[in-house]
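> A single structure is presented below for examination.
The values are calculated or read from the model by the stated rules, or taken from the named source; none is laboratory data. As the structure is a prediction and not an experimental result, all values here were calculated from the model. Cβ coordinates were reconstructed from backbone atoms using ideal geometry, including for glycine residues, and neighbour counts include every protein chain displayed. Just so you know, the surface numbers come from the protein's heavy atoms only, side chains and all, with ligands and any DNA or RNA stripped out. Shrake-Rupley method; radii C 1.70, N 1.55, O 1.52, S 1.80 Å.
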Protein chains: 2
Amino acid sequence: VTLRDVAEQAGVSLATASRALSDAYGVAPSTRSRVLAVAEQLSYVVSPEASRLAGGRTGRVALVVPHIDRWFFGAVVSGLESVLHPAGLDLLLYQTDDLEDRRGFFDQLPARRKADAVVVVGFPLEQRERERIELMGVHVVSAGGQAEEYPYVCIDDAEAGRQAVEHLLFLGHRRIGMVESVDPDHPGWPEVPGRSAAYRAAVAAAGLELDPDLVVSLPWGGESGAEAMQQLLSLRHPPTAVYAHSDEVALGAVRTIRRAGLRVPEDISVIGIDDHPLAALTDLTTVQQPAHEQGARAARIVLALLGSQQADLHVTLPTRLVVRRSTAPPRSS
Amino acid sequence: VTLRDVAEQAGVSLATASRALSDAYGVAPSTRSRVLAVAEQLSYVVSPEASRLAGGRTGRVALVVPHIDRWFFGAVVSGLESVLHPAGLDLLLYQTDDLEDRRGFFDQLPARRKADAVVVVGFPLEQRERERIELMGVHVVSAGGQAEEYPYVCIDDAEAGRQAVEHLLFLGHRRIGMVESVDPDHPGWPEVPGRSAAYRAAVAAAGLELDPDLVVSLPWGGESGAEAMQQLLSLRHPPTAVYAHSDEVALGAVRTIRRAGLRVPEDISVIGIDDHPLAALTDLTTVQQPAHEQGARAARIVLALLGSQQADLHVTLPTRLVVRRSTAPPRSS
């Protein structure tokens, strides 16, 4: 589908079609609506270059964020802001709480460009969402997670998981539980499989048998961590250490252990991933991921795509073990 | 100063001055710059009504937030988004990390209106900031804190403090410490004085003497809570209970108590304010403030000011005690 197809079907000149799609002035509202409707119907994709050449710069970057009130997302957004705002760009914030909400958001995505780029924070785009976003003719960057189709900034989830589980193995633990966080909204997101595969690989590499009872899968969240720990404590042979996919889940597990009258780490060790600010306050051992920096690096990719500087378009930032007081050798050793 | 003064000094017609200030089309860039410079020089205040009459609706609301990566601010922004986005408004996000950054932001506030309203999240505006913001000709709403000059949504900080301290008194504590969070960036903000005055009033009402050694003042933060607790533990007569201005500060105090080999609440009780999501996971007793709802209610005020619905313009939301496992009667009683 070319711009000529859109212009012909809408009954306007090529120039008018271009101006309507790039939101330039001098096009009657009714004409613009007609052109946009035809473009949508024909799935016409405006190339960002063409759109920019048409003078459609907005000076804005749109951030699509699932949960702005959770630490990880807030920290990534803070990092994005710290680079984009000084560069003279404004940030449009869109929160999409769940998958349905998100689908509604992308379905209603206005064909009129409100931003020069879209940064997707911490979730993968579906095919249909990619098509809608491309219709806007804007750049797309993935922050806080890998997206094959677009430039991205992420961590290596398998490496983060390896660091966590191998720390427990190094301390002498042989019976290690995992609280696996599943996300029903993003079944294809590499984060969870990466963190889970790391557990299985590390346990197998240590010559230990994989006991399926030691893995509890629940939706992400602190209360899930608390519930998962109840399941693990009710086993005939509870684990001596627990690996959780995130610090908030780990803190839920710690609460259950303490409520059972047991001590962390004397009776059971617990490790998370994130280095949430409250991990330091609760003396939780964890694997640190640089959330703010993932946002800042994604912002530099945006600036590169908009032509104002150079940047790596595919960035994987390192994680590192932070040892605090929630892990220790098992009692028996 | 009237619009006529601006027009005369800029050497343009009244209509052109109005169009330039409202960012309407059909004004040459050089003319617009001249009008804006004169308006700024004369401190001309565009009334929101006049500006809207001139057709300058942007469909956007600007949020000015000190720390988007902290729970309280993220939750307020999430509440704002949950109401404004369904109402068809876009959100512009501006993060201002410290006072200097904030002053820079307001000084550079473009006279061109980028938004129809500004929501200030969790801090008071200075006189100069109010003047700059008024020059934009937009509505202003304060969310998560009271601002005398504008519509606001807040909690009663003195009441929240009373609920916390009276809970400790009711349990039988007579020697209660306070970790007071001072904010060097916002000395005039009513939050801290309200929470501190409540402590002094409740202690005095219980017939107890105010011991200045029991009050430690430090900048907000979990590490400050940990440090303050070290000071309190080093007293000849340490407190049997501690009241912190926020949950994150309280969790820092809990860490120090545990590292000292003491137990919470058996040896020392700790209470915070907020009901941060991690308070539930760490079994922290606290006074809950509805952060998300403060944002949602502020958003409804924005919609009312923009004319699409009715709303109370001055809202104080209730707080309530949430009893968990970090408070208990003192050992001696």
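> Rounded, prolate or oblate: pick one for the protein assembly as shown, where a ≥ b ≥ c are the square roots of the eigenvalues of its C-alpha gyration tensor, a/c under 1.5 means rounded, and failing that, prolate if a/b is larger than b/c, else oblate.
oblate
> Under 20 Å from a point 7 Å along the Cα-to-Cβ line of B:Asp183: which residues of the stretch B:78-116 have their amide N that close?
The answer is B:78-81, B:93-107.
> Within 10 Å of each Cβ in B:243-250, how many Cβ atoms from other chains are there, averaged over the peptide?
The per-residue average across the peptide is 1.
> What FRET efficiency comes out for the pair B:His237/A:Thr316, r = Cβ-Cβ distance, R0 = 35 Å, nearest 0.05?
About 0.05, to the nearest 0.05.
> Moving to a separate point now. Looking only at A:Val38, A:Val140, A:Val270, which one moves most when chain A is put into a Gaussian network model with springs between Cα atoms under 10 Å?
A:Val38
> Distances from B:Ala260 to the same residue in each other copy, label points 7 Å out along Cα→Cβ, in nm, shortest first?
Its label point is 3.1 nm from the equivalent points in the other copies.
> Right, next: Counting only protein heavy atoms and rolling a 1.4 Å probe, how much accessible area do A and B lose on contact, total for both sides, in Å² to 100?
Buried surface at the A/B interface: approximately 3100 Å².
> Let me ask something else about it. For chain B, what does the equivalent ellipsoid look like in terms of its semi-axes, each the square root of 5 times an eigenvalue of the Cα gyration tensor, given largest first in whole Å?
47, 18, 15
> Can you give the average number of partner chain beta-carbon atoms within 10 Å of each beta-carbon in peptide B:280-289, as a whole number?
Averaged over the peptide's residues, the number is 4.
> Suppose you put the label 7 Å out from Cα in the Cβ direction; list, shortest first and in nm with one decimal, how far B:Gly104 is from each other copy's label.
Relative to the other copies, B:Gly104 has label-point distances of 3.9 nm.
> Using DSSP, restrict attention to beta bridges with both residues in chain B and report what percent are antiparallel, rounded to the nearest 5.
Of those bridges, close to 10 percent are antiparallel.
> Right, another one. May I ask you to compute the full-extension gain from A:Ser13 to A:Gln309, defined as 0.36 nm times their residue separation minus their alpha-carbon distance, rounded to one decimal in nm?
103.0 nm
> Continuing with this model, one more query. Quick one: among A:Val12, A:Val64, A:Val315, which has the greatest mean-square fluctuation in a GNM of chain A with alpha-carbon springs under 10 angstrom?
It is A:Val12.
> Using a basic spin-label model with each label point 7 Å from the Cα along Cα→Cβ, how many nm lie between A:Glu100 and A:Glu159?
Computed distance between label sites A:Glu100 and A:Glu159 equals 4.0 nm.
> Within chain A, which is the longest segment containing none of the GluC sites (Glu not before Pro) that sit in a DSSP loop and have at most 12 other Cβ atoms within 10 Å?
Within chain A, the longest run free of exposed GluC sites (Glu not before Pro) spans A:1-147.
> Over 17 Å, how big is the tail of the calculated P(r) for the stretch A:137-200, in percent of all Cα pairs?
So the pairs more than 17 Å apart make up 51 percent of the total in the stretch A:137-200.
> What is the gain in length, in nm to one decimal, between A:Arg331 and A:Asp283 on full extension, counting 0.36 nm per residue of separation less the C-alpha to C-alpha distance?
Length gained, A:Arg331 through A:Asp283: 15.3 nm.
> Using a label position 7 Å from Cα in the Cα→Cβ direction, what is the ascending list of nm distances from B:Asp213 to the same site in the other copies?
Here B:Asp213 shows inter-copy label distances of 5.5 nm.
> As a test of the formula, what do you get for the protein assembly as shown when each DSSP H run with n ≥ 4 contributes -39,500 (n - 2.57) and the sum is divided by the residue count, at 222 nm and rounded to the nearest 500 deg cm²/dmol?
-13000 deg cm²/dmol
> Would the stretch A:96-153 count as rounded, prolate or oblate if I go by the C-alpha gyration tensor, calling it rounded below 1.5 in a/c and otherwise prolate when a/b exceeds b/c, oblate otherwise?
Here the stretch A:96-153 falls in the oblate category.
> Over the protein assembly as shown, with every protein chain in place, what whole percent of the accessible area is carbon and sulfur at 1.4 Å, could you tell me?
After summing per-atom areas, the C and S share lands at 50 percent.
> Also: Debye calculation, C-alpha points only, no solvent: report log10 I(q)/I(0) for the stretch A:236-333 at q = 0.17, 0.22 Å⁻¹, in the same order as the q values.
-0.74, -1.03
> Net charge within 10 Å of A:Thr240 by Cβ-Cβ distance, Lys/Arg positive one each and Asp/Glu negative one each, not counting A:Thr240 itself?
+2
> Something else about it: I'd like to check one number: the per residue accessible area of chain B, probe 1.4 Å, reported in Å² as a whole number.
41
> Let me ask something else about it. Taking only Cα atoms and a 10 Å spring cutoff, compute GNM fluctuations for chain B and point out the largest among B:Ala228, B:Ala117, B:Ala205.
Looking only at B:Ala228, B:Ala117, B:Ala205, the largest GNM fluctuation is found for B:Ala205.
> Now a separate question. Work through the residues other than B:Ala304 whose Cβ is under 13 Å from its Cβ and net out their charges, Lys, Arg +1 and Asp, Glu -1.
0
> For B:Glu266 and B:Arg324, calculate 0.36 nm times their separation in residues minus their Cα-Cα distance, and state this gained length in nm to one decimal.
The span from B:Glu266 to B:Arg324 would gain 19.6 nm if fully extended.
> Counting DSSP beta bridges in the protein assembly as shown, what percent are antiparallel, to the nearest 5?
10
> Okay, moving on. Going by a ≥ b ≥ c, the root eigenvalues of the Cα gyration tensor, does the stretch A:66-137 fall in the rounded group (a/c under 1.5), the prolate group (a/b larger than b/c) or the oblate group?
oblate
> Suppose each label sits 7 Å from its Cα in the direction of the beta carbon; what would the B:Leu169-B:Glu126 distance come out to in nanometres?
3.8
> What does the charge add up to near B:Gln95, with Lys and Arg as +1, Asp and Glu as -1, over the other residues with Cβ less than 10 Å from its Cβ?
It works out to a net charge of -3.
> A further question on this structure: Using a 10 Å cut-off around each Cβ of peptide B:88-100, what is the average number of partner chain Cβ atoms that fall inside?
The mean count of partner-chain Cβ atoms within 10 Å per residue comes to 4.
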